[in-house]
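Report on one structure; see the data block that follows.
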Amino acid sequence: MKILVTLTADQIAPRFDLCTEVLIAQFNDDRTGPEPRTVLLPGPSADELCSLILKEGIDIVVCGGIEDSFFQYLIWKKVRVIDRVIGPSAKALQLALEEGLRAGAVI
Amino acid sequence: MSGQIEIIDIMNGIPHGVALIDKQLRIFSMNRILEVMTGYSTQAVQGIECNYVLRTDRDEWLNKALNNGGETLICEGSVIDANRKRVSVRITASPLKGREGLDESLLLVIEDISMLKEMDIKLQGSPEKKALLGNSPKLQEIIELLPVFAYTDATLLITGETGTGKDLLAEAIHRSSKRSKYPFIKVNCGAIPETLLESELFGHVRGAFTGANSDKPGMFRLAQGGTLFLTEVGDLPLKLQVKLLTVLDDKEFYPLGSSKKTKADIRLITGTHRDLKQLLDEGKFREDLYYRLNVLRAHMPSLRERGDDVLLLMNHFLKEFNNNLGKRIKGFASSAIDYLLRYEYPGNVRELRNIIEHAVNICQGNIIQMAHLPAYILSAGNSNSGKDKKSGGQLSETKEEPTVFSASKREFVSWPEIEKGRILETMMATGGNRSEAALKLGWSRSTLWRKIKHYGLE
C-alpha cells in the first residue's frame, strides 16, 4: 500500500492546491516498509500533484482542504482521499495505515 | 454572564464567519457560521493555528495583520470550505488590545464574497471578454508591458488610430492596478463643449456661473482614488491644458468658483489618435504638458499591423453576437474570410466589430456569406486589397500592389473612372504633392487641379 501525505513542515498542509512538499510511504502487507521519503514539488499546483499521485500509484492521499473537482478526479482514479485532516503528518500516516483515519479528523 | 459568553453571542450575531485568534495565530473561538464553513467545532480546533482550520491562501498576510501596529487590515483571498468548494472571501483583521487574556489578539471576519465576484463578472463582462485579444507581436508587446503600466502611478499616454482599443487598454491597466477597487472614469475631451469641459473635469460650486444651481463634484473628484482616463487629450483647449498641468504638479485643484483646494488622488491616463508632436509644432498643445503626460507611452497597433489577429477577432465577435442575438451561425464562407482578411480597416477593431455585428444580424443561415457583409466595404473605393494573407489555410493568389484602387481595377468600366483611379494612385505615390503628381501624369498643375475638382477628389 502506498500513502501520500501533503506537507507543511511536519504538519499536514492545509491546502492541497498550495502544497509544495509531500511525504510518500510504502508498506508491505505486514505493515513494514522502507523509510518514507519526502518529495519537493516544483511549485504549488493541484494538477501536477494529481499527476504525481497517479504516476506513483498512490492508494491513499491524506490532505487538508481539497477542491471537489480534484477530489472527484482522484476517487474516479481509484485513489482514496482522506481530506480536511489537521495534525502531524507522521501520526496521520500511522492512523491511515491502521485504517483509523477519517475525513475531518483533528489529530 | 461571563465576558466570554458575551463575546460568543456578539460573534454569533455577525452574519459572517468570525474567529478570535491569539497572538500565536491559534484559534480561540469561532462563531457558528465559521464552524459550518470550516466543518470543525470550536472545541475541536481550539489552540490550533488558524490557517490549518480556515484553509486560506493568505496565511502570510495573517502574520502581517498581527504586527500592523493596531491598524485594521482587509484582504481578499479564498478558502476551501467543508464542502470542498473554493470560496472567495474578504478577510478583515482587527487587532484587539487591553482585554484580559486577549492582549494582542485578532478578530477575523471572513466574509463570503463569491456572489459579489460573480455579479462583478456579469456586470463588467468576463475577463476574457474584456481582455485584449490577439497574438500578433505588436499587441503581445503591449500585453507584456501591461503589468508594468499597472504597477506604477506614472501618467501614461496611449496613442493609436481610432478604434484600436485605447480605452480597453486604459481600463485593463486600471483593473490590474492597486486602484482597481476605486472608480475608472473616462472623459472624452473632444466630445464636451469647451465651455463645459472645465466644469466637467474640475467641478463647480453653487453660484459659480449662471445656471450653477448646485455643487458639482467634477470627474477629478469622482475618480478619487481611482483612474481618470482623458481620451482625445489632443482636443483639450489650451486654457485647460494649463490647469491640467497644475493639477498634475500640485495634486490639488480649485473647483470653479471655489476658494477651497481639493486633493486629487488619481492616476491619469490619456489617449489620443492625433500626433501630439505635430500639435506641439502648430502651437496647439503645450510642450510642458506633453512631457508631463508622456512619462509612459503605449502605442496601440492598427489592425493592419496585427496580421492574423483579424481572424481571431472575427471569430470572437461572431461568438459574442451569436450569444447576444441568440443565433447559431457556425462561421464564415471562405470568400467572406478572404475578403475580410484583405480589407484595410480604417476604423480598426471597432470597424471589424461593426462589420461582424451587421453580418450576424443580416445572416439568416448558418454561414456568413459575402452578401451579408456591409455594402460599403464591398464598394470599389473601399475594397482595399493588396495584403497577401492566409485564408483558411490557403495563400491568396492575388498579388496586386498595395494601393487604394488596385484591387478593383477590373471593375473600372469607363475612362473617367480609370482617370480618377490614376490620379489617386499618383497622388498616393507622391504623398499628396500635386506638382510632382502633375509631372508624373504629364499634365500641367492646373489641369490636375481642374480634374481633381471635377472628380470631387479634394
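The values are calculated or read from the model by the stated rules, or taken from the named source; none is laboratory data. As the structure is a computational prediction, the values presented were derived from the model and not from experiment. Positions of Cβ are backbone-derived with ideal geometry, glycine not excepted, and every protein chain shown enters the neighbour counts.
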Point to revise | Residue within segment B:58-73 that is modelled with pLDDT of 90 or more and in contact with a Leu (Cβ under 8 Å, 6 or more places away or on another chain) present | key: no
Review point. Restricting attention to segment B:347-357, does a residue exist that is in contact with a helix residue (DSSP H, G or I) (Cβ under 7 Å, 6 or more places away or on another chain), over 22 Å from B:E305 (Cα atoms) and among the hydrophobic types (A, V, I, L, M, F, W, C)?
Key: no
Review point. Regarding B:L54, is this residue within 14 Å of chain A (Cβ to nearest Cβ), modelled with pLDDT of 85 or more, under 19 Å from B:L96 (Cβ atoms) and in contact with a Cys (Cβ under 7 Å, 6 or more places away or on another chain)?
Key: no
Point to revise | Hey, B:K327 more than 30 Å from B:L156 (Cα to Cα) and in contact (Cβ under 8 Å) with a residue 12 or more places away in the chain or not | key: yes
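Residues checked against (1) among the polar types (S, T, N, Q); (2) closer than 13 Å to B:L268 by Cα; (3) in contact (Cβ under 8 Å) with a residue 12 or more places away in the chain:
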site: B:A154; (1), (2), (3): no, yes, yes
site: B:L157; (1), (2), (3): no, yes, yes
site: B:G160; (1), (2), (3): no, no, yes
site: B:E171; (1), (2), (3): no, yes, yes
site: B:H174; (1), (2), (3): no, yes, yes
site: B:I192; (1), (2), (3): no, no, no
site: B:L201; (1), (2), (3): no, yes, yes
Exercise for review: Might you check whether a residue that is modelled with pLDDT under 90, under 29 Å from B:W449 (Cα atoms) and surrounded by 14 or more Cβ atoms within 10 Å (Cβ to Cβ) occurs anywhere in segment B:364-375?
Suggested key: no
Revision key, fill the gap. Taking segment B:245-279 and keeping residues part of a helix (DSSP H, G or I) and within 13 Å of B:L157 (Cβ to Cβ) leaves B:L248, B:L276, B:K277, B:L279
Check your understanding: Does any residue in segment A:49-74 that is within 19 Å of A:L95 (Cβ to Cβ) come within less than 7 Å, Cβ to Cβ, of a residue that is among the hydroxyl-bearing types (S, T, Y) six or more places away or on a different chain, and which pairs are these?
Key -> A:C63/A:T6; A:G64/A:T6; A:G64/B:Y52
Practice item. Taking only segment B:64-80 into account, find how many residues are more than 14 Å from chain A (Cβ to nearest Cβ), surrounded by fewer than 22 Cβ atoms within 10 Å (Cβ to Cβ) and outside any loop (DSSP other than H, G, I, E, B). Key: 6
Exercise for review: State whether the residues of segment B:2-12 include one that is assigned to a loop (DSSP other than H, G, I, E, B), small (G, A, S) and more than 14 Å from every other protein chain (Cβ to nearest Cβ).
Suggested key: yes
**Study point:** Residue that is nearest to B:L96 (Cα to Cα), among those in segment B:20-51 that are assigned to a loop (DSSP other than H, G, I, E, B) and within 13 Å of chain A (Cβ to nearest Cβ)
**Key:** B:L25
Check your understanding: Of all residues in segment A:45-102, how many are surrounded by fewer than 16 Cβ atoms within 10 Å (Cβ to Cβ), in a helix (DSSP H, G or I) and within 13 Å of chain B (Cβ to nearest Cβ)?
Key -> 4
